[in-house]
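Okay, structure first, notes after.
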Amino acid sequence: MSATPHKPTVTEREARQVAEAAREQDWRKPSFAKELFLGRFRLDLIHPHPMPADEDAQRGEEFLAKLRDFCETKIDSARIEREAQIPDAVIDGLKELGALGMKIDTKYGGLGLTQVYYNKALALVGSSSPAIGALLSAHQSIGVPQPLKLFGTQEQKETFLPRCARTDITAFLLTEPDVGSDPARLATAAVPDGEDYILDGVKLWTTNGVVADLLVVMARVPKSEGHKGGITAFVVEAGSEGVTVENRNAFMGLRGLENGVTRFHQVRVPAANRIGPEGAGLKIALTTLNTGRLSLPAMCVGAGKWCLKIAREWSAAREQWGKPVAFHEAVGAKISFIAATTFALEAVLDLSSQMADEDRNDIRIEAALAKLYGSEMACLMADELVQIRGGRGFETAESLAARGERAVPAEQILRDLRINRIFEGSTEIMHLLIAREAVDAHLSVAGDLIDPDKSLSDKAKAGANAGVFYAKWLPKLVAGPGQLPRSYHEFNQQVDLSPHLRYVERSARKLARSTFYAMSRWQGRMETKQGFLSRIVDIGAELFAMSAACVRAELLRTTGEHGREAYQLADAFCRQSRIRVEELFARLWTNTDDLDRKVVKGVLSGTYEWLEQGIVDPSGEGPWIADATPGPSKKENVHRPIR
């Protein structure tokens, strides 16, 4: 039997409740970033910098050497850009190299790399071809391997992981044409039928979907006798009857990305392929993304390193008014920004990744901050590189080569990086996600006070609990080590980084005070103050990056690897970051948020429609959102597994 899926109608409150139920509720391990948002600068959680085991480092370095040789000899990035496709031979070569199984345990045929070395590999291959980096990342970070590693049964691991490690490309299917970051409205259905489920629905932007062999699909199981129901995760064979890849999507960047629209019509999926219990799909998705998000900043770090290399070489060769353009202050400031920010991004990535490997800390906020900060800063660095290159930055590599100059794909990296601000949680969604985690301690003690559905007795109890919590917490936000001139003195070496750490400690307390004041002021309306919450999160991201940069500089000093230079870069980054932090603090209370809301209402009501006169709209005809009515496919199947 089967049923026709329908798009659930949900209120904003119901959508929030679904998202809340899916998030991990408990904090069983310490979190540096969570403590930071609470005004507690726990430097001891990240310093001394954790290090990988010698065996893990050796295995990782050996693979990186092989991967570098492959990237230099087998990958033609210009061809991928020109033909908008990764050659099958390249993918076959990556399979032989074991690149599909970098994060899969050796007992299942994988390489068993740590998160640190997996990210280094992604940065390396992503610098060669961002499309290949995206393929490998989507396959391993959010595709079949990661959720099975975390939630799969032993039988599922033995069945699927060897395939994922060597032969099968995988994809993750959550988004639908009318469902993005509000999964409460998910329409794809999985209706129980004996020992199977019958899958019906349409999924959009299925990265790797065009070439995938295995899919992780999120679908809604209807509640019935013997079935709890809810959004549930399944492993689906991409070649199953009723699975149709209806379109390969094309984008402004990542032209080699095999991303499609996938339709399921009466697709039979064995119950043995269900990951976890019914209703656990969103929790599985969010938990998978906790560390999976680290793959994007890895490629952002690789992009930053490449931007720095090109900026250095070009700015030394190009002369203007009698000297290299690098020595003109307007250009030099951009180069300094790229160098300092690349250092800090790598510090954030390596620190978060090593903490993920050690599993001593809860890094859900750190990983989210790394993704948010990395994707935003990488776009800025690429944009500055285009500006440094001038007209040549806007010109394609192919055109540069055609007229006899070095084929530098600066405009391509800008296009390729742009998606990272949207992939795996847009910047706006990441702000809200991190803000929710950052205020978790407040909501756990005072949430019932601002919940309109709670009874007076519940509110009274919450008030008493909140009183106890804040009586202990608030006094600690008044003073701290950041006000003592000798604090963090071990970071006073050739360059003195201790003032920056004292600044982080003081700013963390100020950040916590600001959050508390805002909650007191807005209470239940706090969740609607997205501008305020975004700035709170951005301040936290800068403070985390400053902390990571200083800790990395000290690590490099103690290991004798460019310690002096690392201290200089950390100092430059922290000085640049502090300027941004001060601006963000000022904008917490001095901004145009209220006025912006009024303007938006005017725009949507047509009040300013006269402003749009005098143009021609080149957009084509058609609906804003494609029809996703379930049913048999009317299109050719463009699925092309690579074997």
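Every test in (1) crowded, with 16+ Cβ neighbours inside 10 Å; (2) not in a strand (DSSP E or B) is passed by Pro192 save one, and that test is (2).
Without any contact (Cβ under 8 Å) to a residue 24 or more places away in the chain and open to solvent by less than 40 Å² (accessible area, probe 1.4 Å): which single residue out of Gly404, Gly425, Gly393 fits that description?
Selected residue: Gly393, the only one of Gly404, Gly425, Gly393 that is without any contact (Cβ under 8 Å) to a residue 24 or more places away in the chain and open to solvent by less than 40 Å² (accessible area, probe 1.4 Å).
All conditions but one from (1) in contact with a strand residue (DSSP E or B) (Cβ under 7 Å, 6 or more places away or on another chain); (2) farther than 15 Å from Phe172 by Cα; (3) not charged (D, E, K, R) apply to Pro277; the one that does not is (1). Residues of the stretch 239-257 that are in contact (Cβ under 8 Å) with a residue 40 or more places away in the chain, more than 13 Å from Thr207 (Cα to Cα) and not hydroxyl-bearing (Ser, Thr, Tyr): Gly239, Gly242, Val243, Glu246, Met252, Gly253. Taking Gly524, is it part of a helix (DSSP H, G or I) and surrounded by 14 or more Cβ atoms within 10 Å (Cβ to Cβ)? Here the answer is no, as Gly524 does not meet what is asked. Taking every residue in the stretch 41-53 that is over 22 Å from His489 (Cβ atoms) and pairing it with any residue that is open to solvent by less than 80 Å² (accessible area, probe 1.4 Å) and of a type in the set (Gly, Ala, Ser), at least 6 positions away or on another chain, the pairs with Cβ-Cβ distances below 9 Å are Met51/Ala57; Pro52/Gly60. Enumerate the pairs (first residue in the stretch 512-540 and touching a residue at least 60 places away in the same chain (Cβ under 8 Å) and more than 9 Å from Val439 (Cβ to Cβ); second residue anywhere and part of a helix (DSSP H, G or I) and among the polar types (S, T, N, Q)) with beta-carbon separation below 8 Å, excluding pairs fewer than 6 apart on the same chain, so at least 6 apart or on different chains. Final answer for the pair search is none.
How many residues does the stretch 599-643 hold that are among the acidic types (Asp, Glu) and within 30 Å of the chain's Cα centre (by Cα)?
1
Being in a helix (DSSP H, G or I), open to solvent by 50 Å² or more (accessible area, probe 1.4 Å) and touching a residue at least 40 places away in the same chain (Cβ under 8 Å) is the requirement here; does Leu543 meet it? For Leu543, the condition - in a helix (DSSP H, G or I), open to solvent by 50 Å² or more (accessible area, probe 1.4 Å) and touching a residue at least 40 places away in the same chain (Cβ under 8 Å) - is not met. Residue by residue through the stretch 213-229, note down the ones that are open to solvent by 10 Å² or more (accessible area, probe 1.4 Å), modelled with pLDDT of 95 or more and part of a strand (DSSP E or B). Within the stretch 213-229, just Arg220 meets the criteria.
Residues of the stretch 243-256 that are part of a loop (DSSP other than H, G, I, E, B) and either of a type in the set (Lys, Arg) or open to solvent by less than 10 Å² (accessible area, probe 1.4 Å) (or both): Gly253, Arg255, Gly256. Quick one: would you say Ser353 is small (Gly, Ala, Ser), farther than 30 Å from Phe516 by Cβ and under 20 Å from the mean Cα position of the chain (by Cα)? Yes. Here Thr291, Thr287 are screened, and the one residue that is in contact (Cβ under 8 Å) with a residue 24 or more places away in the chain, surrounded by 21 or more Cβ atoms within 10 Å (Cβ to Cβ), closer than 28 Å to Pro162 by Cβ and not aliphatic (A, V, I, L, M) is Thr291. Considering every residue within the stretch 157-174, establish whether at least one is out of contact with any helix residue (DSSP H, G or I) (no Cβ under 7 Å at 6 or more places or on another chain), open to solvent by less than 10 Å² (accessible area, probe 1.4 Å) and among the hydroxyl-bearing types (Ser, Thr, Tyr). No: zero hits. Looking only at the stretch 309-338, which residues are in a helix (DSSP H, G or I), open to solvent by 40 Å² or more (accessible area, probe 1.4 Å) and free of Cβ contacts under 8 Å to residues at least 60 places away in the same chain? The answer is Lys309, Arg312, Glu313, Ala316, Ala317, Phe327, Glu329, Ala330, Ala333, Lys334. Suppose the filter is part of a helix (DSSP H, G or I), over 22 Å from Leu543 (Cα atoms) and modelled with pLDDT of 95 or more; does Leu414 pass it? Yes: the conditions hold for Leu414.
In the stretch 108-181, counting only helices (runs of 4 or more DSSP H) that sit wholly within it, the ones holding 1 or more residues that are over 27 Å from Gly302 (Cβ atoms) and basic (Lys, Arg) span 154-166. Does Ile413 fit the bill of being open to solvent by 20 Å² or more (accessible area, probe 1.4 Å), without any contact (Cβ under 8 Å) to a residue 12 or more places away in the chain, under 25 Å from Lys120 (Cα atoms) and not hydroxyl-bearing (Ser, Thr, Tyr)? Taking the combined requirement at face value, the residue does not satisfy it. Pairing each residue of the stretch 494-506 that is outside any helix (DSSP H, G or I) with any residue that is modelled with pLDDT of 95 or more and open to solvent by 30 Å² or more (accessible area, probe 1.4 Å), provided the two are 6+ apart or on different chains, yields C-beta distances under 6 Å for Gln494/Arg564; Val495/Gln568.
Taken over the stretch 470-483, the residue count meeting the criterion of being farther than 29 Å from Leu497 by Cβ and open to solvent by less than 50 Å² (accessible area, probe 1.4 Å) is 1. Scanning the stretch 575-606 for residues that are farther than 30 Å from Phe37 by Cα, open to solvent by 80 Å² or more (accessible area, probe 1.4 Å) and not hydrophobic (A, V, I, L, M, F, W, C) returns Lys598, Lys601, Ser605. Given the structure, is Lys454 modelled with pLDDT under 80, out of contact with any Pro (no Cβ under 6 Å at 6 or more places or on another chain) and farther than 30 Å from Leu372 by Cα? Yes: the conditions hold for Lys454. Note on the stretch 349-363: residues that are open to solvent by 10 Å² or more (accessible area, probe 1.4 Å), over 16 Å from Ala121 (Cβ atoms) and either touching a His at 6+ places or on another chain (Cβ under 7 Å) or part of a helix (DSSP H, G or I) (or both) total 1. Taken over the stretch 40-99, residues that are closer than 30 Å to Thr515 by Cα, open to solvent by less than 30 Å² (accessible area, probe 1.4 Å) and not in a helix (DSSP H, G or I) amount to 3. Apart from one condition, Leu282 fits all of (1) assigned to a helix (DSSP H, G or I); (2) more than 18 Å from Ile142 (Cα to Cα); (3) over 13 Å from the mean Cα position of the chain (by Cα); the exception is (2).
The values are calculated or read from the model by the stated rules, or taken from the named source; none is laboratory data. Since this is a predicted model, take the numbers as computed values, not measurements. Because the Cβ atoms are built from the backbone with ideal geometry, glycine has one as well, and the counts that use them run over all protein chains shown. Just the protein is used for accessible areas: all its heavy atoms, side chains included, with ligands, DNA and RNA removed. Shrake-Rupley method; radii C 1.70, N 1.55, O 1.52, S 1.80 Å.
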